[in-house]
1. Enumerate the calculated ³J(HN,Hα) couplings along region 52-59 in order (Karplus 6.51 cos²θ - 1.76 cosθ + 1.60, θ = phi - 60°), each rounded to whole Hz, writing x wherever the residue is Gly or Pro.
2. How high is the relative contact order of the chain, in percent, counting Cα pairs under 8 Å that sit 6 or more residues apart?
3. Cut-off 10 angstrom, C-alpha nodes, Gaussian network model of the chain. Which of Leu140, Leu55, Leu25 fluctuates the most?
4. Given contacts defined as C-alpha pairs under 8 Å and at least six residues apart, what's the relative contact order of region 140-275, whole-number percent?
5. Pull out the extension gain between Glu129 and Glu296, defined as 0.36 nm times the separation in residues minus the alpha carbon to alpha carbon distance; nm, one decimal.
6. Using each residue's phi in region 22-33, evaluate 6.51 cos²θ - 1.76 cosθ + 1.60 at θ = phi - 60° and report the 3J(HN,Hα) Karplus result to the nearest Hz, with x for Gly and Pro.
7. Which value at 222 nm does the chain reach when only helices count, each DSSP H run of 4 or more adding -39,500 (n - 2.57), with the total divided by all residues and rounded to the nearest 500 deg cm²/dmol?
8. Which of rounded, prolate or oblate describes the chain when judged by the alpha-carbon gyration tensor and an a/c cut-off of 1.5?
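Only the coordinates and a few stated rules stand behind these numbers; no lab work does. Given the structure is predicted, the values throughout are model-derived calculations rather than measurements. So basically every Cβ, Gly included, is an ideal-geometry build from the backbone, and we count neighbours across all protein chains shown.
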Amino acid sequence: MGVDTPPPGAPAAVTRVGIVAKKRLAAAAPVVRDVVAWLERRGLQPVVESRTAALAELTAVTAADVSALPDASDLILVLGGDGTLLGMARRIAVAAADPPVLAVNFGGLGFLTEITLPELFTALASVVEGAARIDERRMLQSRTLRGGATTGEGVALNDVVITKSALSGMIDLSVSVGDQFVAQLRADGLIISSPTGSTAYNLSTGGPIVHPLVNAVVLTPIAPHMLANRPLVLPESAAIRVQPDLADRRVQAFASFDGQTGFELEPGDAVLVETAPRPLRMIRAAARPYYAVLREKLGWAAR
């Protein structure tokens, strides 16, 4: 008799399931309670993010701060939208542990949180039973060089964006890849996107859609002065350096990560972006291949 083996990319045995919901998402409260009960009936330990536990009015469960959740879990269930997932992805990236993520969409567009609420328990059962498949989504890591020192480090699942302030004119950006100069751009900014992030800000500025399993990084100028400045697709091994010209005191520039965190750049700063050493592991929606997600989210007509 043969020995059953998990499919390639299946998660390791799951005994602790972290649960985090979008802040103040009242609709998630009964779902959290149902998931906790479902796990406990199977002898599994729910670990509920502290604010989520308060939202669901759970007092007799193991709770953890959101930053501690990755190291306390074998799997993390995200209930909400893409923003909730992006925040958790960055926390996983800097944690010691590397749990996969099962992301469930609560009504928004949700390119990343592609599993629907009716699919939640089927998907959760597939993970617990070792039958789920995992996609590895490449992340970006960034650091800023300032006066010879490194500052402003950040990690992003979607994108690192260098952009002007609302009241600034266009900014000049010097872009290099490795030790090779690429171009001097004049634009409202520059998006450095992972394949996963290609359907986020990158898409809205005319950048290409890149399959999430393609080993690439995309550079997309934001409203460039020259129409010849087009998106550029690079190998994921590329080390990208962006230096804005901030000599004019009226010009301000910012670096942001997934549109959620960021800081103002100072004159002389250079932003370095590379592929992070560890990808985010995401549970696939078994009933919905990637192209079906694109058709659904983008409203493409099906023939």
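1. Going residue by residue, I get 5, 4, 5, 4, 8, 6, 9, 10 Hz, with x marking Gly and Pro.
2. It rounds to 18 percent for the chain.
3. Between Leu140, Leu55, Leu25, it is Leu25 that shows the largest mean-square fluctuation.
4. Computed over region 140-275, the figure is 31 percent.
5. 57.3 nm
6. For region 22-33, the Karplus curve yields 4, 4, 6, 8, 4, 5, 7, 4, x, 5, 4, 4 Hz.
7. -5000 deg cm²/dmol
8. Prolate, because a/c is 1.5 or more and a/b exceeds b/c.
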